[in-house]
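To keep things clear, I will list the structure first and then write my remarks on it.
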Amino acid sequence: MALQRTASGRVDKRTKEYKVMCANLAKGRRKVARQNAALKRAASSVKRTKSGKVDKRTAEGKAIAARMAKARRAKGSLSNRLKRLFG
Amino acid sequence: MDTNIKYVADLLACVITADGSYEEAEKETVGEIADALGYDEKELLALVEERVEDTAERSEDELNALLDNCAEEVADDEVEVIFEAMLQMVLCDGVMTFSESEILHAIGEALGLAPAMITMLTADMVKNEPELELDFGSEGEEE
């Protein structure tokens, strides 16, 4: 069924047909977004667990953990936390 | 720090053994702990390395006994600082799991910390490390 229009010629957004069209467009956008995310994950060399987290048991996961540990050390995260908590 | 470095090394070794890995992230964190507590880094690394080899051979009961013995040697006014160091080690891989939470409670209790303090210190750590992930699922799940 064609979209109804108002007297001024604009699409009447109050109709069921318009709302159904919007819902279908949103569904389509979500599907594309999921497909893009899956492609991005497949292209990544980092192995992930079922929950999507980096699998830290792999070489890449361990390398990432090591880099994060170095970064925390460089910013003195433990020292800063000790000073903040215990003066 | 008044607490003897060898007891800190033993506690770290217990944590590392219980957590199951002594990799680059853990070694870097030993260095960070040495910086923060004012110990000599090379000495602490060497002691931890030696103790990890030793504790790897021990049963769970022996590890718990070692944990209790070392915790008793921690200076009274340093228990919270030492707990923070253990917290840093347990969470150095960027993920907090259920069994790691159990390890932290065991350490805290051995150090004489109240459960509420253990929770508050852990919550503070989680709050201030935004990249830390919480994993309520089983460890080692694969795709």
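Give the accessible surface of chain B per residue, rounded to a whole number of Å², with probe radius 1.4 Å and ligands, DNA and RNA excluded.
That works out to 47 Å² for each residue.
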Next on the checklist: As an exercise, identify the trypsin sites (Lys or Arg not before Pro) in region A:1-36 lying in DSSP coil whose Cβ has no more than 16 other Cβ atoms within 10 Å.
Outcome noted: A:R10, A:K13, A:R14
Checklist entry - When the accessible area of the protein assembly as shown is split by element with a 1.4 Å probe, what percent falls to carbon and sulfur? => result 51 percent
Item to check | Accessible area buried between chains B and A, both sides summed, probe 1.4 Å, in Å² to nearest 100 | outcome: 2800 Å²
Item to check | Inter-centroid distance (Cα atoms) of region B:79-94 relative to region A:1-40, Å | outcome: 51 Å
Item to check | Net lengthening on full extension, B:E43/B:N69 (0.36 nm per residue, minus Cα-Cα) | outcome: 7.2 nm
Checklist outcome for this item: For region B:87-120 the residues that are at least 30 Å² less accessible with all protein chains than alone, 1.4 Å probe, are B:Q88, B:C92, B:D93
Item to check | Debye equation applied to the C-alpha atoms of the protein assembly as shown, log10 I(q)/I(0) at 0.11 Å⁻¹ | outcome: -0.61
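The values are calculated or read from the model by the stated rules, or taken from the named source; none is laboratory data. Please read all numbers here as calculations on a predicted model, not as lab measurements. Using ideal geometry, Cβ is built from the backbone for each residue, glycine included, and neighbour counts are taken over all protein chains shown. Just so you know, the surface numbers come from the protein's heavy atoms only, side chains and all, with ligands and any DNA or RNA stripped out. Shrake-Rupley method; radii C 1.70, N 1.55, O 1.52, S 1.80 Å.
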